[in-house]
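Here's the structure, in C-alpha cells; my notes come after.
The values are calculated or read from the model by the stated rules, or taken from the named source; none is laboratory data. Here the structure is a predicted model, which means the values were calculated and not measured. Here the Cβ positions follow ideal geometry from the backbone for every residue, glycine too, while neighbour counts run over all protein chains shown.
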Amino acid sequence: FVIGAFTHLDPEHGFIGYSAELLSSNTKPDYTSGETFFTVFGVFFPAAT
C-alpha cells in the first residue's frame, strides 16, 4: 500500500498523488453555511460511541 501510494496515480478515480497544495486545502475546515464544528461533532460523536 505505501509504495503503491507513491507510484500509482489514478486521476480518473480521484487519486492525484501527494502535494503540499492538496494537504493545505484538506487541512482547513470548509463547512457549509449554517454548520460549525459543534453541529458536525454533535452528529458524529453519538454515532462513534
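Observations
- Of the set (1) surrounded by 10 or more Cβ atoms within 10 Å (Cβ to Cβ); (2) among the hydroxyl-bearing types (S, T, Y); (3) modelled with pLDDT under 80, all apply to T49 but (1).
- Of residues in region 17-49 being of a type in the set (F, W, Y) and part of a helix (DSSP H, G or I), the one farthest from I3 (Cα to Cα): F38
- Every pair of residues 6+ apart whose Cβ atoms lie under 8 Å, when the first sits in region 19-46 and is without any contact (Cβ under 8 Å) to a residue 60 or more places away in the chain while the second is surrounded by 10 or more Cβ atoms within 10 Å (Cβ to Cβ) and β-branched (V, I, T): L22/I16; Y31/V40
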